[in-house]
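Following: one structure in structure tokens, then a few remarks.
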Amino acid sequence: MTRQSLGLWILALFAASAAAPAFAACSPGARDYAIDAGRLDSALQQFAHTSGCLVETDLGENAALQVNPVQGRFTAANALIRLVRGTGLEAHVDPGHYAVNRADREAVKQRVDTLRHQVASARRTGALSKDKAAALDRDLAAVWRDAQALITEQGFLSAGENASFQRLFAYVQGQLAG
């Protein structure tokens, strides 16, 4: 855990203990949110106070990132997704654990880069034809573009979308194997 994310956890815990009667327990049910557009760090504090849910994040380069307003009645998961939608950050909502980061984007990017390098190497050694290598490279480039667009637009990468990307990665790996 980084120093910045530890700081957010400590801040959220302090807020919980200092305002115990006003601080709600984290629950999946809907609550009324009144979070203005603004800095990520401030918005996550407001989110934690309203929802009762702590959010793990690395505020290092993201603290001043501008996030969306969240006004209305939402579940904690939907409120967090609305907060980060369009920023390039991802909301991860797992039972008992909320996080805002770029983990899925980074994982897809790393896999795409690795496979593109392997495709290029296979092309150079003659293991793949020029046309087959070009087609695989186009497919991998499309996955990277799609992943970035989906994450930015939605504020998350769905399990189904990720599974689709993984199927393409497996196909490319199979083409490389022979």
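The values are calculated or read from the model by the stated rules, or taken from the named source; none is laboratory data. Note that the coordinates shown come from a computational prediction; the quantities given were computed from them, not determined experimentally. In this analysis, Cβ positions are derived from the backbone assuming ideal geometry, glycine residues included, and neighbour counts consider all displayed protein chains. When the accessible area is computed, the model is the full protein with side chains, heavy atoms only, and any ligands, DNA or RNA have been set aside. Shrake-Rupley method; radii C 1.70, N 1.55, O 1.52, S 1.80 Å.
Give the number of residues within region 144-153 that are open to solvent by 30 Å² or more (accessible area, probe 1.4 Å) and of a type in the set (Val, Ile, Thr).
1
How many residues are closer than 16 Å to Gly86 by Cα and in a helix (DSSP H, G or I) when one looks only at region 27-43?
2
Look through Asp137, Asp94 and report the one residue that is at pLDDT 95 or above and either touching a Gly at 6+ places or on another chain (Cβ under 6 Å) or acidic (Asp, Glu) (or both). Give the steps one after another, and end with the answer.
Values: Asp94 fails: at pLDDT 95 or above.
On inspection, the qualifying residue turns out to be Asp137.
Counting just the residues of region 118-133 that are in a helix (DSSP H, G or I) and polar (S, T, N, Q), which one comes out farthest from Trp144 (Cα to Cα)?
Here the residue is Thr125.
Could you count how many residues in region 108-143 are buried (at least 18 other Cβ atoms within 10 Å of the Cβ), hydrophobic (A, V, I, L, M, F, W, C) and closer than 30 Å to Val67 by Cβ?
Going through region 108-143 one residue at a time, the tally reaches 3.
Does region 72-88 include one or more residues that are open to solvent by less than 50 Å² (accessible area, probe 1.4 Å), closer than 30 Å to Leu136 by Cβ and either at pLDDT 95 or above or in a loop (DSSP other than H, G, I, E, B) (or both)?
Within region 72-88 (the criterion being open to solvent by less than 50 Å² (accessible area, probe 1.4 Å), closer than 30 Å to Leu136 by Cβ and either at pLDDT 95 or above or in a loop (DSSP other than H, G, I, E, B) (or both)), the answer is yes, since at least one residue qualifies.
Any idea which of Ala159, Ala147, Ala163 is under 26 Å from Val84 (Cβ atoms), of a type outside the set (Val, Ile, Thr) and touching a Leu at 6+ places or on another chain (Cβ under 8 Å)?
Values: Ala159 fails: touching a Leu at 6+ places or on another chain (Cβ under 8 Å); Ala163 fails: touching a Leu at 6+ places or on another chain (Cβ under 8 Å).
Result: Ala147 is the single residue among Ala159, Ala147, Ala163 that is under 26 Å from Val84 (Cβ atoms), of a type outside the set (Val, Ile, Thr) and touching a Leu at 6+ places or on another chain (Cβ under 8 Å).
Give me a count of the residues in region 89-112 that are assigned to a loop (DSSP other than H, G, I, E, B) and under 14 Å from the mean Cα position of the chain (by Cα).
The number of residues fulfilling the criteria is 2.
Report whether or not Leu115 is under 20 Å from Tyr171 (Cα atoms) and not in a helix (DSSP H, G or I).
Judged against the criteria, Leu115 is not a match.
For residues that are in a helix (DSSP H, G or I), open to solvent by 30 Å² or more (accessible area, probe 1.4 Å) and not polar (S, T, N, Q), tally how many sit in region 154-166. Let's see the steps before the verdict.
First pass over region 154-166, keeping only residues in a helix (DSSP H, G or I): 154, 159-166.
So of that shortlist, the ones also open to solvent by 30 Å² or more (accessible area, probe 1.4 Å) come out as 154, 159-164, 166.
In the following step, the residues that additionally are not polar (S, T, N, Q) were identified as 159-161, 163.
Total meeting the criteria: 4.
Within region 167-176, is there a residue that is surrounded by fewer than 19 Cβ atoms within 10 Å (Cβ to Cβ), among the small types (Gly, Ala, Ser) and in a strand (DSSP E or B)?
No, there is no match, as no residue in region 167-176 is surrounded by fewer than 19 Cβ atoms within 10 Å (Cβ to Cβ), among the small types (Gly, Ala, Ser) and in a strand (DSSP E or B).
Does at least one position in region 62-70 carry a residue that is surrounded by 20 or more Cβ atoms within 10 Å (Cβ to Cβ) and either assigned to a strand (DSSP E or B) or of a type in the set (D, E, K, R) (or both)?
Here is the first cut: in region 62-70, the ones surrounded by 20 or more Cβ atoms within 10 Å (Cβ to Cβ) are 62, 67, 70.
When the remaining residues are screened for being either assigned to a strand (DSSP E or B) or of a type in the set (D, E, K, R) (or both), the result is 67, 70.
Yes: one or more hits.
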